[in-house]
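The values are calculated or read from the model by the stated rules, or taken from the named source; none is laboratory data. If you're wondering where the values come from, they're calculated on a predicted model, not measured in any experiment. Every residue, glycine among them, receives a Cβ derived from its backbone with ideal geometry; neighbour counts consider all protein chains shown.
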Amino acid sequence: MKTLVIGSDHAGFCLKQVLKETLRPDFEVIDVGTDSEAAVDYPDFALKVGEAVVTGKAERGILICGSGVGACVAANKIEGIRAGLCHDTYSAHQGVEHDQMNVLVLGSRVIGEALARELVAAFLTARFSGEERHVRRLAKVREMETRRGSRPGEPGSRSPRR
């Protein structure tokens, strides 16, 4: 893996700058913004990171906001994105190994720079296991993605009409 995309809102801007410098010797880093600490909306940057990953411009993405929660919710609305909010190294590598996580989400107001670097390293060195049980579970997740727009009782929905 050589190309990464990184994006943040205003709350994640400073941590994004630190991580970019950490990553640049080993990776091509595509920075999709923001470019300052001026207030912006995290969904805009979740979309930019997600689109770079699903179109193949980047192999994986890193997304940062204050808590990480909003950015994670937004990123997971993009078909093909499996974003995980991680504040421990186990989740950062296990999310890739078992769930084929392709976007790491960090909360800049929750973790510090040293832990962020460890999380990014765990995320980037991890590889999907390819084990049958994980492949089977991911197929179910993909099926859920294709039914996302339907409501209970509509075509494509398996929920009973009420």
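Each row is one residue, and each column tells you yes or no for (1) over 18 Å from residue 23 (Cβ atoms); (2) in contact with a strand residue (DSSP E or B) (Cβ under 9 Å, 6 or more places away or on another chain).
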site	(1), (2)
43	yes, no
52	no, yes
55	yes, no
77	yes, no
86	no, yes
99	yes, yes
102	no, yes
105	no, yes
108	no, yes
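When you go through 23, 106 one by one, which is the residue that is touching a residue at least 60 places away in the same chain (Cβ under 8 Å) and over 29 Å from residue 135 (Cα atoms)?
23
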*For the range 1-36, name all the residues that are surrounded by fewer than 15 Cβ atoms within 10 Å (Cβ to Cβ), assigned to a helix (DSSP H, G or I) and among the charged types (D, E, K, R).*
21
*Taking residue 39, is it buried (at least 18 other Cβ atoms within 10 Å of the Cβ) and of a type outside the set (D, E, K, R)?*
no
*In the set 24, 82, which member is over 13 Å from the mean Cα position of the chain (by Cα) and not assigned by TED's automatic domain parsing to the domain that holds residue 144?*
24
_residue 50, sole failed condition from (1) over 14 Å from the mean Cα position of the chain (by Cα); (2) on the phi < 0 side of the Ramachandran plot_ = (1)
